[in-house]
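Below: the structure, in structure tokens.
The values are calculated or read from the model by the stated rules, or taken from the named source; none is laboratory data. Everything numeric in this text was worked out from a predicted model, so none of it was measured. Please note: Cβ atoms are built from the backbone with ideal geometry, for glycine as well, and neighbour counts cover all protein chains shown. Side chains are part of the model used for accessible areas, which takes the heavy atoms of the whole protein and leaves out ligands, DNA and RNA. Shrake-Rupley method; radii C 1.70, N 1.55, O 1.52, S 1.80 Å.
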Amino acid sequence: MHVAAYIEQLQGERSAPTVKQHLACIRMLFDWLVTGQVIPTNPAHSVRGPRHSVSKGVTPVLSSEEATALLSGMDVSTVVGMRDRAVIAVMTYTFARVGTVVALNGEDYFPQKKRWWLRLREKNGKVNEMPCHHKLEEYLDAYIKAAGIADDRKGPLFRAAIGKTKKLGPGAMSRTDVWYMVRRRASDAGIETAIGCHTFRATGITDYLTNGGRIEVAQRMAGHSNAKTTGLYDRRNDDISVGEVERIGI
């Protein structure tokens, strides 16, 4: 009754997705308490949250041309520039979440079957090993050589900069560091869309499907448990909608 009352009150203050996230968090907490034999049952299991269903995600997506221009036009005269290009390339070519990218160590970039691979540790303990796109391999090799971290296999792959010195320290980048970097690089490239780190995940999936990729393969590459979730990142119909609007001759 208390959980239901809290959810009902929250629906008058927050959006449906936020309410559903709160309820999911409460359920997980009580599941943990039940597993630890603190309480006998989960009182939140019978509580129903608000209905909310979407067929397309809200993450802003770049076109293939914009993403290419961002990567190829980036200033890579310093090791920080090479690092930034490599970070964005990993998110784009592997569909990895930013949390997964900043958690990479040197040993997670390894040779196998005459190619270089990345070992991605996704949510819920999933480990996803993916071969690198040839451009991604080029960007990573250039960054690792410039940073001089080829022999530090246990250290973080993407390291935080030391102030404005254009030099890298021993510590790993944070997700916040990557977000600020992405916004700064997008501004430098003249991209007006308010993109974030997740933009490159959606951009990579959309471009893969546009070029004939299969949704079930994209699902495995993205580490999704359901193809419906992968479909939320498929924004191929966005361009069609814009084109149809332009048919209006007023």
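Once both labels are modelled 7 Å past Cα along the beta-carbon direction, what's the N226-Y6 spacing in nm?
So the two model labels end up 2.4 nm from each other.
Could you please state, rounded to a whole Å, how far the C-alpha centre of segment 63-128 is from the C-alpha centre of segment 187-212?
14 Å
With a 1.4 Å probe and all protein chains left in place, how much accessible area per residue does segment 49-164 have, in Å²? Don't jump to the answer; show the numbers that get you there.
Details: 6000 Å² over 116 residues.
Averaged over the residues of segment 49-164, the accessible area is 52 Å².
For K154, go through the aspartates and glutamates and keep the ones whose alpha-carbon is under 13 Å away, minus same-chain ones fewer than eight residues off.
In chain and number order, the partners are E107, D108.
Let me check something: with ligands and nucleic acids excluded, how do V76, V178 order by accessible area (1.4 Å probe), largest to smallest?
Putting V76, V178 in descending order of accessible area: V76, V178.
Work through the residues other than A69 whose Cβ is under 12 Å from its Cβ and net out their charges, Lys, Arg +1 and Asp, Glu -1. Could the numbers behind the result be given before it?
On the way: positive: R185; negative: E65, E66, D188.
So the surrounding residues net to -2.
Choose one of I88, I39, C25: the residue whose Cα lies farthest towards the positive end of the charge dipole of segment 21-101 (beta-carbon charges +1 Lys, Arg; -1 Asp, Glu; about the Cα centre).
Result: I39, furthest along the dipole toward the positive end.
Expressed as a whole percentage, what fraction of the accessible surface of the chain belongs to carbon and sulfur atoms when a 1.4 Å probe is rolled over the protein heavy atoms?
53 percent
How long are the semi-axes of the ellipsoid equivalent to segment 111-250, from square roots of 5 times the Cα gyration tensor eigenvalues, in whole Å, largest first? Walk me through the intermediate numbers first.
Details: eigenvalues 201, 99, 41 Å².
Computed over segment 111-250, the values are 32, 22, 14 Å.
Rounded, prolate or oblate: which fits segment 116-165, taking a ≥ b ≥ c as square roots of the Cα gyration tensor eigenvalues, rounded meaning a/c under 1.5, else prolate when a/b beats b/c?
oblate
For a 27 Å ceiling on Cα separation, which of these pairs sit above it: K114/K164; K126/K167; K135/K166; K113/K145; K126/K228; K126/K166?
From the list (K114/K164; K126/K167; K135/K166; K113/K145; K126/K228; K126/K166), the Cα-Cα distance tops 27 Å for K114/K164; K126/K167; K126/K166.
For the chain, modelled as a Gaussian network with Cα springs under 10 Å, which listed residue fluctuates most, S63, S77, S187?
It is S77.
Given contacts defined as C-alpha pairs under 8 Å and at least six residues apart, what's the relative contact order of the chain, whole-number percent? Intermediate values should be presented prior to the final figure.
Numbers: 304 pairs, mean separation 53.2, N = 250.
Reported as a whole number, the value is 21 percent.
Could you tell me which label, among (1) 63, 61, 40; (2) 57, 51, 34; (3) 46, 41, 32, carries the value of Cα extents along the principal axes in Å calculated for this structure?
(1)
Using modelled amide H (1.01 Å from N, peptide plane; none on Pro or chain starts), what sits under 5 Å from the amide H of W116, excluding residues fewer than 5 places away?
C132
Which of R185, R51, R115 ends up with the largest GNM mean-square fluctuation for the chain, with Cα atoms connected below 10 Å?
R51
I want the local charge near E129. Using Cβ-Cβ distances under 13 Å, sum +1 for each Lys or Arg and -1 for each Asp or Glu among the other residues.
Working: positive: K113, R115, R119, R121, K126, R220; negative: E107, D108, E122.
Charge balance in the 13 Å sphere: +3.
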